[in-house]
1. Which number in (1) at pLDDT 95 or above; (2) assigned to a strand (DSSP E or B); (3) within 11 Å of the chain's Cα centre (by Cα); (4) not charged (D, E, K, R) marks the one condition that T45 misses?
2. When segment 48-90 is examined, which residues are found to be surrounded by fewer than 16 Cβ atoms within 10 Å (Cβ to Cβ) and either assigned to a loop (DSSP other than H, G, I, E, B) or in contact with a Cys (Cβ under 9 Å, 6 or more places away or on another chain) (or both)?
3. If you check K121 against the conditions, is it within 18 Å of L15 (Cα to Cα) and of a type in the set (K, R)?
4. Please verify whether S117 is at negative phi, surrounded by fewer than 15 Cβ atoms within 10 Å (Cβ to Cβ) and in a helix (DSSP H, G or I), treating the condition exactly as stated.
Amino acid sequence: MKYTLEDIVKHPVQLVKVQLKDVHVSKYQICEDCGEITREITVSTNSTAENDELGYVEATMTISAIMNGEKYYDAVFTYIGECKNSKESSNEREFEIFLEVQAIRLIWPYFRETVPSILLKMGTEPFEIPTIDVFETISKNINRFDAYDQK
């Protein structure tokens, strides 16, 4: 299927700036004959709407890797993004909730590109960060978003 720009529906909220805010990697072992490597990956998000037109999302990915039962490396990556809202009918609270719900979707592609590249340059075993199913992620976590809305 072929799409033209006219076929694509532009969302009223656009990510207009992205910055890799922070990177920390601590490597504890050299991987000469790598054995089994397990990784625990967590992502935390934060969002703020300055008003009904300007908001910020922040996402931090933390990775703890274990090789052969011992610490292999720890890594923390933080991105911050600036978003602009062109939808006149939304208010600041609706915009802030949207940013909180969508923060992972907006920042995830940057994690996918940057994290494996930096870790590979550090001499760690490469791994792929998967694409995410946005709808399933939101559906799975909808109760958390409802709680956020009650704040």
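The values are calculated or read from the model by the stated rules, or taken from the named source; none is laboratory data. Every value quoted in this text rests on a predicted model; they were computed, and no experiment measured them. Here Cβ is always computed from backbone atoms with ideal geometry, including for glycine, and neighbour counts include all displayed protein chains.
1. Only one criterion is unmet by T45, namely (1).
2. E50, N51, L54, N68, G69, S86, K87, E88, S89
3. no
4. Against the criterion (at negative phi, surrounded by fewer than 15 Cβ atoms within 10 Å (Cβ to Cβ) and in a helix (DSSP H, G or I)), S117 qualifies.
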